[in-house]
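Novice: Before I ask anything, here is the structure I am working with.
The values are calculated or read from the model by the stated rules, or taken from the named source; none is laboratory data. These numbers were taken from a predicted model, which means no experiment stands behind them. Here the Cβ positions follow ideal geometry from the backbone for every residue, glycine too, while neighbour counts run over all protein chains shown. Accessible surface areas use protein heavy atoms only, side chains included; no ligands, DNA or RNA. Shrake-Rupley method; radii C 1.70, N 1.55, O 1.52, S 1.80 Å.
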Protein chains: 2
Amino acid sequence: MPAYAIGIDFGTESGRAVVLDLESGAEVAVSEVPYPSGVLDRQLPGTSEELPPDWALQDPDDWVAVVERGVPEALSAAGVSRQDIAGLGVDFTSCTVLPVRGDGAPLCTVAGWQLRPHAWPKLWKHHAAQPVADRLNEVAAERGEDFLSRYGGKLSSEWYFPKLIELWLEDREVYDAADGFIEATDWIVWHLTGYERRNICTAGYKACWAEREGLPSIEFFEAAYPGFADPAAKLGTDFFTLGTKAGTLRPELAQRIGLSDATAVAVGNVDSFVSAPGAGVEEPGTFVMVIGTSICALVTDPREIRLPGITGVVKDGILPGLYGYEAGQVAVGDMLAWFVDEIAPGVAAGDGDLYEALEREAAALRPGETGLVALDWWNGNRTILADADLTGVIAGLSLSTAPRDVYRALLEGIAFGNRRIMDNFAEHGLELGDIVACGGVAEKSPLLMQLIADTSGREVRVPDSAQIPARGAALFGAVAAGRFADIAEAISATRPGTARRYVPDPGANAAYDPVYAIYRELYETLGRSRADLLHELKRLRVMAPAPVAAASVTAD
Amino acid sequence: MPAYAIGIDFGTESGRAVVLDLESGAEVAVSEVPYPSGVLDRQLPGTSEELPPDWALQDPDDWVAVVERGVPEALSAAGVSRQDIAGLGVDFTSCTVLPVRGDGAPLCTVAGWQLRPHAWPKLWKHHAAQPVADRLNEVAAERGEDFLSRYGGKLSSEWYFPKLIELWLEDREVYDAADGFIEATDWIVWHLTGYERRNICTAGYKACWAEREGLPSIEFFEAAYPGFADPAAKLGTDFFTLGTKAGTLRPELAQRIGLSDATAVAVGNVDSFVSAPGAGVEEPGTFVMVIGTSICALVTDPREIRLPGITGVVKDGILPGLYGYEAGQVAVGDMLAWFVDEIAPGVAAGDGDLYEALEREAAALRPGETGLVALDWWNGNRTILADADLTGVIAGLSLSTAPRDVYRALLEGIAFGNRRIMDNFAEHGLELGDIVACGGVAEKSPLLMQLIADTSGREVRVPDSAQIPARGAALFGAVAAGRFADIAEAISATRPGTARRYVPDPGANAAYDPVYAIYRELYETLGRSRADLLHELKRLRVMAPAPVAAASVTAD
């Protein structure tokens, strides 16, 4: 049987194709292709018209370029022939979503629509649909909609229906001209195979679909947006389990990229969720953290539990046969970069760069020694408060507070935020095991990994791979090809090695308890009982009144 | 009549002698003499023995050097003759206090005592007597001592009795060998005139004395420290009103420094309090802010009102005939330096230095635009919470928070802290007028001055002088000499011009109301109802447990 699979990971700024050895689990070759157009948040290609604030679009040609350049490059570097490739899987950012014609053509590539901003794919971090999300949340709460509790009580503005209804409200012609509105991960599979086969992961986590309950009702949408009508109109109602074979490569494309047209292609997946199998995790309870700009935290359990503040729980959403839970922290790598690059860039770093110097200095401090507690809400709180209008807090500042103290307090704030999330799961009956951490910051900050171990009291394992999502995508491709009976078999055959293992220090764990107790009280006070204070601060910032007269200084 | 007076201002690092023209109010000459020994916080001169933490001593020879070098230099630069000098006044840091023999010799200058740390003058910022202050406060509160309410409910560790009892507890031989324990401002007057004439200002603000009530009772001290006995033993009970002539210059000293031995010398004064007359303020209600490392805020009123959180209220303590109220903020110039020099030193400053760049950028922001609120408790809170164990807080941080935002938030935090103090006075019935601000930071940060005006809704006037305390000292010297009938007449004859006047902007004032409302809620929450959280953070910092084992990282 063919011994390799290809995984393609479509990120925010680039895509990566990986050739995975299905016998050894080795990544035989990796090819990265940056998106020529990147994130379109200022104007459309070829125009000078400004996009509104909070918009973020992408160009589907950039994704196609990853396929057309990345796959041949990776194949060539791997030195394997087309017969050796069993299957191909993809993962994508989500909810990245675009209007398409019935033949699969993105509307933004169709003559007459190229200059219409709403015809373009909206990237996950397009945040202009917040008013729609607010309205949907309000109406869902009023009506006591059951689906809401699968999403911790709140839908995100990043998701499918806020973006679709934004389109419906703001450019009805584009809406009407689109035969479908589709996740990019499903679109690229359609592009690869010629078959529209939407996956259940994005349907569940981003479009509020569930196997038993289906979509939220027409009555709900009618109550929120009269006239919007059938939510399935642009989405459909058929969704396919992860690992399902969507089809084989279209012959002309297969030839162009050097693969056989017999290559199986799995239904699409999402970069965060696919990291669990990518990291070699198939057992319930193991807590997977994907740590980069933000943290996506994943865990599976045989039972469905509705609990507050989670991003979502979806049956089969991560691994078939299990309920997949998603939680997360919004500001992580970007919050650290904010401090190191924006606030304290000139602090003397000695040898090496400032990150390394701060890591080294902060690592020498003891629990509690900074005197600081940080609430890591620089970009709101995702779990467990699900409140985008919270902002960050540093308490305990003194004249002796040094940059290393602030840096460590930010790391501790991330670790405490994670402990709060794990506590929330445990308090609602999920049994949690050890932690597997991957992503750029898991590599970059050993101190953060140790602090996550020390504060949680659980071992943290960092897998030895920089291509965790692409590995997971490749595994589903191999399953789709029938190379393995199921994803569990694929995982156990290819599990990556461990780069580093962080064992919790019992002394530090105990010493952090009283600091965490303060954190948790501040969290409850400023995040719940007096959340009005931070909300009002943000409102005043955004709504800052018209400029006042210049300071009036006179001398006499 | 002689047309000039001399004021000598003894600061923390240097002393300044000023020759003041009593007809025009002009500062004819200034001479500054740095203290050779500066602040002794590591070891005594000529020894290598380490001083304990929180100690801060001075050398009386440094003060004498200011008299011997500074006065002749200033006289020479002024080009006035000894007959032209009517009188001389001094002001000093306080409570700076030293043990002396009956002949006025500082014990640290007497053979046999030079190597005893407790024989040396303790500078105002010697903080090692905190346990004594805690004990006195506890016992005073238990006994319901009336004097406590003159000091907002709490005595400071910097004051007379904590320092005296620290001496009594820790070096009984020095205590017994000292005939007196005296404020430096009274000691230098003794040195100048040969007469021990203690002033009522330091007796009132620092030694808990009041005209009607006298000192706290022997029973109180006996309850707190059995055996300590009579509080008047080293202090005396005769205190002289500000502007009283202590005597004339000792002939040999007068000759040495180029003055007549008929020159009248006023009883001593304190650098902060003397700034009110120095700035030209004699009317009740005008709010005087001395803004440097910290803020000392002063106001006078015909009535005695006991109100919470103030530093103290003393009859005749600032201006004879009025009750003088003192309040303050602990971290101001040093908090700004902390941010600019320690945290953000490498932020690109463009042209000019970083302070100027941050001032310029922060001045362009609108009220509320930073999205931040800072509680300026980097060194605790003096007024109105009187809580040294509080620490600073910044709330509202986001990924778009820039250094200019933090800088402005710190200034706003200072301005809000001042408004809170003024609100407290007003809520307890004091009628406040406009603000007069002096001190280094009043010069350095026009933005802070404008923010104090905008947040308080009151005009801020900055007098045109860098020698406000020395001016005030000189005025009392002139009164002691009979050159004026009283200090009010002296002030109105010599009032300094106005360098800058900051008029509150009504739009900014209104725009700050909702921001201040958030500040005040955070202040109440973290400073009172949940002050335990910041207290515990500080306790954990100070008591940080023994180092934990190094991070245990293994690879496999």
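Novice: Given the criteria open to solvent by 10 Å² or more (accessible area, probe 1.4 Å), of a type in the set (Gly, Ala, Ser) and either in contact (Cβ under 8 Å) with a residue 40 or more places away in the chain or part of a loop (DSSP other than H, G, I, E, B) (or both), does residue B:346 qualify? Spell out how you get there, then give the answer.
Specialist: Details: open to solvent by 10 Å² or more (accessible area, probe 1.4 Å): yes; of a type in the set (Gly, Ala, Ser): yes; either in contact (Cβ under 8 Å) with a residue 40 or more places away in the chain or part of a loop (DSSP other than H, G, I, E, B) (or both): yes.
Answer is yes for this residue.
Novice: Sticking with this one: Could you say which residue among A:515, A:479 is at the interface with another protein chain (Cβ under 9 Å from one of its Cβ atoms), at pLDDT 95 or above and either open to solvent by 20 Å² or more (accessible area, probe 1.4 Å) or under 30 Å from residue A:440 (Cβ atoms) (or both)?
Specialist: Working: A:479 fails: at the interface with another protein chain (Cβ under 9 Å from one of its Cβ atoms).
Exactly one residue qualifies, and that residue is A:515.
Novice: Given B:274, B:267, which one is more than 14 Å from chain A (Cβ to nearest Cβ), modelled with pLDDT of 95 or more and out of contact with any Gly (no Cβ under 7 Å at 6 or more places or on another chain)? If you could, list the steps in order and put the result at the bottom.
Specialist: Working: B:274 fails: out of contact with any Gly (no Cβ under 7 Å at 6 or more places or on another chain).
Checking each option against the conditions leaves just B:267.
Novice: Out of A:200, A:188, which single residue is closer than 16 Å to residue A:103 by Cα, in contact (Cβ under 8 Å) with a residue 24 or more places away in the chain and of a type in the set (A, V, I, L, M)?
Specialist: Numbers: A:200 fails: closer than 16 Å to residue A:103 by Cα.
Just a single option satisfies the conditions, and that option is A:188.
Novice: Give the residues of segment A:294-348 that are within 10 Å of chain B (Cβ to nearest Cβ) and within 30 Å of residue A:491 (Cβ to Cβ), sorted by residue number.
Specialist: Restricting attention to segment A:294-348, the residues satisfying the condition of being within 10 Å of chain B (Cβ to nearest Cβ) are A:330-331, A:334-335, A:337-339, A:342-348.
Matches in segment A:294-348: A:330 only.
Novice: Test residue A:369 against the stated conditions and say whether it is more than 26 Å from the chain's Cα centre (by Cα), within 12 Å of chain B (Cβ to nearest Cβ), open to solvent by 20 Å² or more (accessible area, probe 1.4 Å) and not β-branched (Val, Ile, Thr). Let's see the steps before the verdict.
Specialist: On the way: more than 26 Å from the chain's Cα centre (by Cα): yes; within 12 Å of chain B (Cβ to nearest Cβ): yes; open to solvent by 20 Å² or more (accessible area, probe 1.4 Å): yes; not β-branched (Val, Ile, Thr): yes.
Yes, satisfied.
Novice: With segment B:218-325 as the region, which strands (runs of 3 or more DSSP E) entirely inside it contain at least 1 residues that are crowded, with 19+ Cβ neighbours inside 10 Å and in contact with an Asp or Glu (Cβ under 9 Å, 6 or more places away or on another chain)?
Specialist: Working: elements: B:245-248, B:264-266, B:287-291, B:295-301, B:312-315.
It comes to B:245-248, B:287-291, B:295-301, B:312-315.
Novice: Please indicate, with yes or no, whether at least one residue in segment B:527-547 is at pLDDT 95 or above, of a type in the set (S, T, N, Q) and open to solvent by less than 60 Å² (accessible area, probe 1.4 Å).
Specialist: Among the residues of segment B:527-547, not one is at pLDDT 95 or above, of a type in the set (S, T, N, Q) and open to solvent by less than 60 Å² (accessible area, probe 1.4 Å), which makes the answer no.
Novice: Which residue, of B:426, B:415, is modelled with pLDDT of 95 or more, part of a helix (DSSP H, G or I), among the aliphatic types (A, V, I, L, M) and over 21 Å from residue A:541 (Cα atoms)?
Specialist: On the way: B:415 fails: over 21 Å from residue A:541 (Cα atoms).
Answer to the selection: B:426.
Novice: Given the conditions (1) among the basic types (Lys, Arg); (2) within 20 Å of residue A:314 (Cα to Cα); (3) not in a loop (DSSP other than H, G, I, E, B), report the number of the one that residue A:163 does not fulfil.
Specialist: All conditions are met except number (2).
Novice: Next question, about the same structure. When the residues of segment A:377-404 are filtered to those that are open to solvent by less than 10 Å² (accessible area, probe 1.4 Å) and more than 7 Å from chain B (Cβ to nearest Cβ), which remaining residue is farthest from residue A:152 (Cα to Cα)?
Specialist: Per the stated criteria, the residue is A:401.
Novice: Turning to a different aspect of this structure: Which of the residues belonging to segment B:474-489 are within 17 Å of residue B:246 (Cβ to Cβ) and in a helix (DSSP H, G or I)?
Specialist: Selection gives B:474, B:475, B:476, B:477, B:478, B:479, B:480, B:487.
Novice: Which residue is modelled with the lowest pLDDT, if the candidates are limited to segment B:374-395 and must be in contact with a strand residue (DSSP E or B) (Cβ under 6 Å, 6 or more places away or on another chain) and not in a strand (DSSP E or B)?
Specialist: Applying the filter and picking the extreme gives B:388.
Novice: For the subset of segment A:425-455 comprising residues that are out of contact with any strand residue (DSSP E or B) (no Cβ under 8 Å at 6 or more places or on another chain) and more than 14 Å from chain B (Cβ to nearest Cβ), which member is farthest from residue A:282 (Cα to Cα)? Step through it out loud before you land on a result.
Specialist: Looking only at segment A:425-455, we keep the residues that are out of contact with any strand residue (DSSP E or B) (no Cβ under 8 Å at 6 or more places or on another chain), and these are A:426-429, A:444-445, A:447, A:451, A:454-455.
Narrowing the set further to residues that are more than 14 Å from chain B (Cβ to nearest Cβ) leaves A:426-429, A:444.
Numbers: A:426: 19, A:427: 23, A:428: 22, A:429: 20, A:444: 25 Å.
Once the filter is applied, the top-ranked residue is A:444.
Novice: Just one of (1) touching a Gly at 6+ places or on another chain (Cβ under 8 Å); (2) in a loop (DSSP other than H, G, I, E, B) trips up residue B:128, so point out which.
Specialist: (1)
Novice: I'd like the full set of residues that are within 12 Å of residue B:403 (Cα to Cα) and outside any loop (DSSP other than H, G, I, E, B), limited to segment B:361-373.
Specialist: B:361, B:362
Novice: Let me ask something else about it. Has segment B:464-471 got at least one residue that is within 12 Å of another protein chain (Cβ to nearest Cβ) and either within 27 Å of residue B:318 (Cα to Cα) or of a type outside the set (Phe, Trp, Tyr) (or both)?
Specialist: First pass over segment B:464-471, keeping only residues within 12 Å of another protein chain (Cβ to nearest Cβ): B:464.
Remaining after also requiring either within 27 Å of residue B:318 (Cα to Cα) or of a type outside the set (Phe, Trp, Tyr) (or both): B:464.
Yes, segment B:464-471 contains at least one residue that is within 12 Å of another protein chain (Cβ to nearest Cβ) and either within 27 Å of residue B:318 (Cα to Cα) or of a type outside the set (Phe, Trp, Tyr) (or both).
Novice: Would segment B:411-419 turn up any residue that is open to solvent by less than 10 Å² (accessible area, probe 1.4 Å), of a type in the set (D, E, K, R) and farther than 22 Å from residue B:302 by Cα? Lay out the reasoning, then the answer.
Specialist: Here is the first cut: in segment B:411-419, the residues open to solvent by less than 10 Å² (accessible area, probe 1.4 Å) are B:411-418.
Subset that is of a type in the set (D, E, K, R): B:412.
Okay, now just the ones that are also farther than 22 Å from residue B:302 by Cα, so B:412.
Within segment B:411-419, one or more residues are open to solvent by less than 10 Å² (accessible area, probe 1.4 Å), of a type in the set (D, E, K, R) and farther than 22 Å from residue B:302 by Cα.
Novice: So, one more: List every residue pair whose Cβ atoms sit under 8 Å apart, with the two residues 6 or more apart in sequence or on different chains, where the first one lies in segment A:413-431 and is touching a residue at least 60 places away in the same chain (Cβ under 8 Å) and the second, anywhere, is of a type in the set (A, V, I, L, M) and open to solvent by 10 Å² or more (accessible area, probe 1.4 Å).
Specialist: A:420/A:384; A:421/A:384; A:422/A:432; A:424/A:384; A:425/A:432; A:428/A:305; A:429/A:305; A:430/A:305
Novice: A further question follows. Here's a check for you: in segment A:170-208, which residue that is part of a helix (DSSP H, G or I) and of a type in the set (Gly, Ala, Ser) is nearest to residue A:112 (Cα to Cα)?
Specialist: Kept after step one, since they are part of a helix (DSSP H, G or I), are these residues of segment A:170-208: A:170, A:172-177, A:184-193, A:200-206.
This time we only want the ones that are of a type in the set (Gly, Ala, Ser), so: A:177, A:184, A:203-204.
Working: A:177: 11, A:184: 22, A:203: 30, A:204: 33 Å.
This residue is A:177.
Novice: Next question, about the same structure. I'd like to check something: does segment B:523-533 contain any residue that is assigned to a loop (DSSP other than H, G, I, E, B) and facing chain A (nearest Cβ under 9 Å)?
Specialist: Filtering segment B:523-533 for residues assigned to a loop (DSSP other than H, G, I, E, B) gives B:530.
Applying the additional criterion that residues be facing chain A (nearest Cβ under 9 Å) yields B:530.
Yes.
Novice: Collect the residues in segment A:454-468 that are out of contact with any Lys or Arg (no Cβ under 9 Å at 6 or more places or on another chain) and part of a helix (DSSP H, G or I), keeping them in residue-number order.
Specialist: A:454, A:468
Novice: Scan segment B:110-123 residue by residue and report those that are within 19 Å of residue B:42 (Cα to Cα) and open to solvent by less than 70 Å² (accessible area, probe 1.4 Å).
Specialist: Within segment B:110-123, the first condition is being within 19 Å of residue B:42 (Cα to Cα), and the residues that meet it are B:113-123.
Correct list: B:113, B:116, B:117, B:118, B:119, B:120, B:121, B:122, B:123.
Novice: Then there is this: In segment B:124-148, which residues are open to solvent by less than 20 Å² (accessible area, probe 1.4 Å) and of a type in the set (Gly, Ala, Ser)?
Specialist: Correct list: B:129, B:133, B:140.
Novice: Quick one: which residue in A:471, A:539 is in contact (Cβ under 8 Å) with a residue 24 or more places away in the chain, farther than 30 Å from residue A:355 by Cβ and assigned to a helix (DSSP H, G or I)? Let's see the steps before the verdict.
Specialist: On the way: A:471 fails: farther than 30 Å from residue A:355 by Cβ.
Of the residues listed, the single one that is in contact (Cβ under 8 Å) with a residue 24 or more places away in the chain, farther than 30 Å from residue A:355 by Cβ and assigned to a helix (DSSP H, G or I) is A:539.
Novice: For the structure I just gave you, tell me whether residue B:212 is open to solvent by 30 Å² or more (accessible area, probe 1.4 Å), within 22 Å of residue B:480 (Cα to Cα) and part of a loop (DSSP other than H, G, I, E, B). Give the steps one after another, and end with the answer.
Specialist: Details: open to solvent by 30 Å² or more (accessible area, probe 1.4 Å): yes; within 22 Å of residue B:480 (Cα to Cα): no; part of a loop (DSSP other than H, G, I, E, B): yes.
Considered against the rule, which asks whether it is open to solvent by 30 Å² or more (accessible area, probe 1.4 Å), within 22 Å of residue B:480 (Cα to Cα) and part of a loop (DSSP other than H, G, I, E, B), residue B:212 comes out as no.
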